[in-house]
Amino acid sequence: MEVCVTLPPRLELAEVPAYARWLESLGVPILHVAETIHDSFLVALLALQATTRSIVRTSMTVAFPRSPMVVAYAARDLLALAPGRFQLGLASQVRGNVVDRFSAAWDRPVPQLEDYLAAVRAAFAAFAGAPLQHHGTHYRLTRMQPYFRPDPVETPPLWTGAVGARMCRLAGRAADGLVVHPTASHPLLLRQRVWPAVRRGAEERTVPGTRPRIIANPFLVTGSGDLHDRAEEVRRELGFLLSTPAYRGVLDVLDEGERADQLAAAAADRDWDRVHGLLDRELLARIVPIAPLEELPGLLGEGYGRLVDGLIMPPPEPSDEARFSTLMDNLGALDLSPGDDPGQPLG
């Protein structure tokens, strides 16, 4: 199983090298880099420079505010720095952020992102000497003079993120990997919604019989000692997220549609105390695995068997580093592989 840990998004750049080295020393094989308050490529650069074994994957770089060629140049440089250790994750973000935070154009995100992935691949082919002739629905790349052509490197695996069925289908059709949003990473949602969409997309791939790798990103409450405070943090964060209609799917599959309606209404009224109260501890336990570090492998193996190729873990507390290192070994030994019939229950 692939085990990933996301670098804390609010780490300052000066803190990234030491933190990345620490995670690698604990046996973390894949480091994920989010894009919230820092440029994901800068964080990835520092993490790659500080490590020697761990793969570094952006999860996710916000695509639409950037030209596909700008992204391809940045990804190419990271691969030249650390051959085989950089993977590129690209996602659309939501309209409000693309338009109002980045002042970028927004159209139909699924076809735009599909064209974006194709444009990035065309750029890497051009770096390797092919004519640059990408005429897509949203992007046109046709000029690559020798002066601007870098030395070729291998095209990185292209990942994307998804919540809904259309973006999952796109991943099935056009991506090398899919990181499922935390609100869509419950086993029931993976089985009932994510995998059917990925399968439909995989049937449309140019290379038949292939599919993207699937990484789930579940909310987890874990650690050592009393987990009450951590559970409370997750409960409040999850209540806020599930009040967004696009993220209510997990409540629907758990027959909690009425609760989803109440959360949305409370959020519309800006009644955040009510939002936090509606997601009680009982419902939290139905959505989120809650267990000490030592019990996680068994719990996750039971819940995610034959559903995913890997999972994302929260970073450990410094006091838990020995237990976390053991957890990395135990999780890495798990075989959750979807196999020939992905998404079907065990047994």
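Entry remark, the range 23-53: residues being more than 21 Å from Val94 (Cβ to Cβ), in a loop (DSSP other than H, G, I, E, B) and within 17 Å of the chain's Cα centre (by Cα) number 2 in total.
Which residue is surrounded by the most Cβ atoms within 10 Å (Cβ to Cβ), if the candidates are limited to the range 166-180 and must be aliphatic (A, V, I, L, M) and closer than 14 Å to Val110 by Cβ? Checking each candidate, the answer is Ala171.
One line per residue, one yes/no per condition, for (1) touching a Lys or Arg at 6+ places or on another chain (Cβ under 6 Å); (2) over 30 Å from Arg235 (Cβ atoms); (3) at pLDDT below 95:
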| residue | (1), (2), (3) |
| --- | --- |
| Arg169 | yes, yes, no |
| Ala174 | no, yes, no |
| Val179 | no, no, no |
| Pro182 | no, no, yes |
| Val194 | no, no, no |
| Val198 | no, no, no |
| Val207 | no, yes, yes |
| Arg213 | no, yes, no |
| Ala216 | no, no, no |
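Inclusion of Asp320 among residues that are acidic (Asp, Glu), more than 30 Å from Asp176 (Cα to Cα) and in the same structural domain as Glu233 (by the TED database) is not warranted.
Restricting attention to the range 95-108, the residues that are in contact (Cβ under 8 Å) with a residue 12 or more places away in the chain and either crowded, with 21+ Cβ neighbours inside 10 Å or among the β-branched types (Val, Ile, Thr) (or both) add up to 1.
I'd like to know if the range 101-113 contains one or more residues that are aliphatic (A, V, I, L, M), at pLDDT below 95 and closer than 18 Å to Thr61 by Cα. Yes, the range 101-113 contains a residue that is aliphatic (A, V, I, L, M), at pLDDT below 95 and closer than 18 Å to Thr61 by Cα. Only a single item in (1) touching a residue at least 60 places away in the same chain (Cβ under 8 Å); (2) surrounded by fewer than 22 Cβ atoms within 10 Å (Cβ to Cβ) is not met by Thr183, and it is number (2).
For (1) in contact with a His (Cβ under 9 Å, 6 or more places away or on another chain); (2) more than 17 Å from Thr160 (Cβ to Cβ), each residue gets a yes or a no:
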| residue | (1), (2) |
| --- | --- |
| Gly96 | no, yes |
| Val99 | no, yes |
| Ser103 | no, yes |
| Val110 | no, no |
| Tyr116 | yes, no |
| Ala119 | yes, no |
| Ala126 | yes, yes |
| Pro131 | no, yes |
| His134 | no, yes |
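A count restricted to the range 125-145 and to residues that are surrounded by 22 or more Cβ atoms within 10 Å (Cβ to Cβ) and in contact with a Ser or Thr (Cβ under 9 Å, 6 or more places away or on another chain) stands at 0.
The residue that is surrounded by the most Cβ atoms within 10 Å (Cβ to Cβ), counting only those in the range 8-34 that are in contact with a Lys or Arg (Cβ under 8 Å, 6 or more places away or on another chain) and more than 12 Å from Arg53 (Cβ to Cβ), is Val33.
For (1) under 15 Å from Tyr304 (Cα atoms); (2) in a strand (DSSP E or B); (3) in contact with a Ser or Thr (Cβ under 9 Å, 6 or more places away or on another chain), each residue gets a yes or a no:
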| site | (1), (2), (3) |
| --- | --- |
| Tyr147 | no, no, no |
| Met167 | no, no, yes |
| Ala171 | no, no, yes |
| Gln192 | yes, no, no |
| Trp195 | yes, no, no |
| Arg199 | no, no, no |
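Every condition in (1) among the aromatic types (Phe, Trp, Tyr); (2) farther than 30 Å from Arg140 by Cβ; (3) touching a strand residue (DSSP E or B) at 6+ places or on another chain (Cβ under 9 Å) holds for Phe102 except the one numbered (2).
With respect to Gln93, is the statement that it is among the polar types (S, T, N, Q), out of contact with any helix residue (DSSP H, G or I) (no Cβ under 6 Å at 6 or more places or on another chain), within 28 Å of Ser54 (Cα to Cα) and in the same structural domain as Gly177 (by the TED database) true? So Gln93 passes the test. For Arg248, the conditions (1) at pLDDT below 95; (2) in contact with a strand residue (DSSP E or B) (Cβ under 8 Å, 6 or more places away or on another chain) all hold with the exception of (2). If the condition is being surrounded by fewer than 19 Cβ atoms within 10 Å (Cβ to Cβ) and among the hydrophobic types (A, V, I, L, M, F, W, C), then the range 297-319 contributes only Leu299. State all residues of the range 78-98 that are touching a strand residue (DSSP E or B) at 6+ places or on another chain (Cβ under 6 Å) and assigned to a helix (DSSP H, G or I); if no residue qualifies, say none. Once the filter is applied, which keeps residues that are touching a strand residue (DSSP E or B) at 6+ places or on another chain (Cβ under 6 Å) and assigned to a helix (DSSP H, G or I), the range 78-98 yields Leu78, Leu79. Selection within the range 198-253: residues that are among the basic types (Lys, Arg), surrounded by fewer than 17 Cβ atoms within 10 Å (Cβ to Cβ) and outside the structural domain of Asp273 (by the TED database). The member of this set that is nearest to the chain's Cα centre (by Cα) is Arg199.
The values are calculated or read from the model by the stated rules, or taken from the named source; none is laboratory data. These numbers were taken from a predicted model, which means no experiment stands behind them. For neighbour counting, all protein chains shown are included, and Cβ atoms are generated from backbone atoms with ideal geometry for every residue, glycine included.
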